[in-house]
Amino acid sequence: MDQLVVEGGIPLVGSIEVSGSKNAALPILAATLLLEGESRIYGVPNLRDVNTLIRLLEEVGCQVERNADGSLSCAVVDPEACEAPYEIVRQMRAGVCLLGPMLARRGRAKISLPGGCNLGVRPIDLHLKGLHALGAEIRIEGGYIHASGRLRGEELFLAGAYGSTVLGTANVLMAACLAEGRTVIEAAACEPEIADLANFLVACGAQIEGIGSPRLVIEGVERLHATDWRIIPDRMEAGTFLAAGVATGGDVTIDGVSPSHMGAVVESFRRMGATVERRAGGEGGDWQCALRVKAPERPAAAEITTLPYPGFPTDLHPPLAATLALADGMSLITERVYPERFVYLAELNRMGADVRKQGDCAIIHGVPALSGAPVMASDIRGGAALVVAALAARGTSTVDRVYHIDRGYERIEEKLCALGARVKRVSE
């Protein structure tokens, strides 16, 4: 098992290129099950979660090849393979997004109930509710979801107790594209990753209105064709490196980012006293922009509430908490998306932070400095928070269970070293 050894206390300075979005790539790769022909998807990050999904696609009859330029070529070669096994699906939650496209294209699907990060109870009832509304017959037996039936358009409301569902919206949206008639999804997720999926489907011949809004209208079509597509930049990776820049007192530029996707994040850093500048991009428009963050002498305390997009993203709550652990004063992070997303706090406190959980809040009393310590990642973003803290801490830290971080961050140690950090990956 790998570890990251981090020598902290070095301000990060320089620029790095952001990778393609993991959370956009996964449903778009799943959507290739709907298509006739071979698609080529560009900008797909080389991550554990992506490689897990590739294994799943191959299990259900899709041929996937990684090309020399890093793109992925995807085509269905065996439409009769309809089972996604537990051994693979248990490794990440996004495996469930194969359910909608398999059901829509093949009329049946058998998928293990999903696994993923330890963020508390995360039911998939809204996925099943939406597909059932489209006419699917669904039963759960032996830890597997069994779905079958011919899908027909319907009007449905897809929000739950904590708002819209991102993967649930993706699943129902993909299924509705080949359903008979008109589907209206109310309370659809508005995240940029869902908009990217919808725009990809439109490029494949789908008819979708309201992209980027909470009301999606889909007119079912008989078939969808393959296309080439480039994944949007990863706003979570960009936000994590901005947090590291502020935590270390650095001056960091993130190239190839989409600032329009990061309004709430940029505003939060500005409230902490950081200077955040947007630099114009090239022919790629918003995608080829850059964000430069210059840290204040010490971050100011802040109150942050995570919300569905366009609010502050839940996935950036842990890295931001690591930065606020060094802020001047008391900060408060209220978690409205995954109220149990606080497993990382005990490890952060091992490094000298003063953080406690109260209900769905993290109460953070800023300290002048953190100290290096051995810590252990429990999930993707919690692991990223420990890396941010280790970069800012005095002394050397060892971050264990790096495989969690590798699920969401491509070559994280290489990118950090490009900014002047002293980070190395070692085998335990």
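What follows draws every value from the coordinates through simple rules; no lab data is involved. Computed from a predicted model, the values in this text were never measured in an experiment. Glycine gets a Cβ as well: all are built from the backbone with ideal geometry, and neighbour counts include every protein chain shown.
Exposure proxy check: Thr275, Thr305 ranked by fewest other beta carbons within 10 Å? It would help to have the intermediate numbers written out before the result.
On the way: Thr275 13, Thr305 16.
Going from least to most buried by this count: Thr275, Thr305.
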Gaussian network model of the chain, Cα within-10 Å springs - most flexible of Asp400, Asp251, Asp78: Asp78
Helix axis angle, 166-177 relative to the chain longest principal axis, alpha carbon, degrees: 20
Cβ-placed point charges (K, R +1; D, E -1), dipole of region 166-250 about Cα centre in debye, nearest 20: 60
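Explain nothing, just the number: dipole magnitude of the chain about its Cα centre with +1 on each Lys and Arg Cβ and -1 on each Asp and Glu Cβ, in debye rounded to the nearest 20. It would help to have the intermediate numbers written out before the result.
On the way: 42 positive and 52 negative charges, 141 e Å.
For this selection, approximately 680 debye.
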Region 387-428 - convex hull of alpha carbons, volume per residue in Å³: 77
Spin-label model distance (nm) - Arg215 vs Ile140, 7 Å beyond Cα toward Cβ: 3.2
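So which GluC sites (Glu not before Pro) in region 188-235 pass both tests, a DSSP loop state and at most 16 other Cβ atoms within 10 Å of the Cβ? Before the final figure, lay out each step's value.
Working: sites: Glu193, Glu209, Glu219, Glu222; in loops: Glu222.
Within region 188-235, the qualifying GluC sites (Glu not before Pro) (loop, at most 16 other Cβ atoms within 10 Å) are Glu222.
In µm²/s, what is D for region 22-230 at 10 °C and 1.306 mPa s, where D = kT/(6 pi eta Rh) by Stokes-Einstein and Rh is the Kirkwood radius from Cα pairs?
In µm²/s, the coefficient is 96.
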Rounded to 5, percent antiparallel among DSSP beta bridges of the chain: 70
Rough spin-label spacing in nm, given labels placed 7 Å along Cα→Cβ, for Arg278 and Glu414: 3.0
Selection from Val221, Ala290, Ala301, by position along the positive dipole direction of the chain (Cβ): Ala301
Projected area, mean over directions - the chain, Cα convex hull, nm²: 18.5
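Count charges around Gly142 for me, please; just the other residues with Cβ under 15 Å from its Cβ, Lys/Arg as +1, Asp/Glu as -1. If you can, show how the numbers build up before the last one.
Numbers: positive: Arg90, Lys110, Arg139; negative: Glu83, Glu87, Glu141.
Spelling it out: positives minus negatives among the neighbours equals 0.
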Positive dipole terminus of the chain, leading residue within Asn171, Ile28, Gln358 (C-beta point charges): Gln358
Given charges at beta-carbon only (K, R positive; D, E negative), |dipole| of region 285-412 in Debye: 220
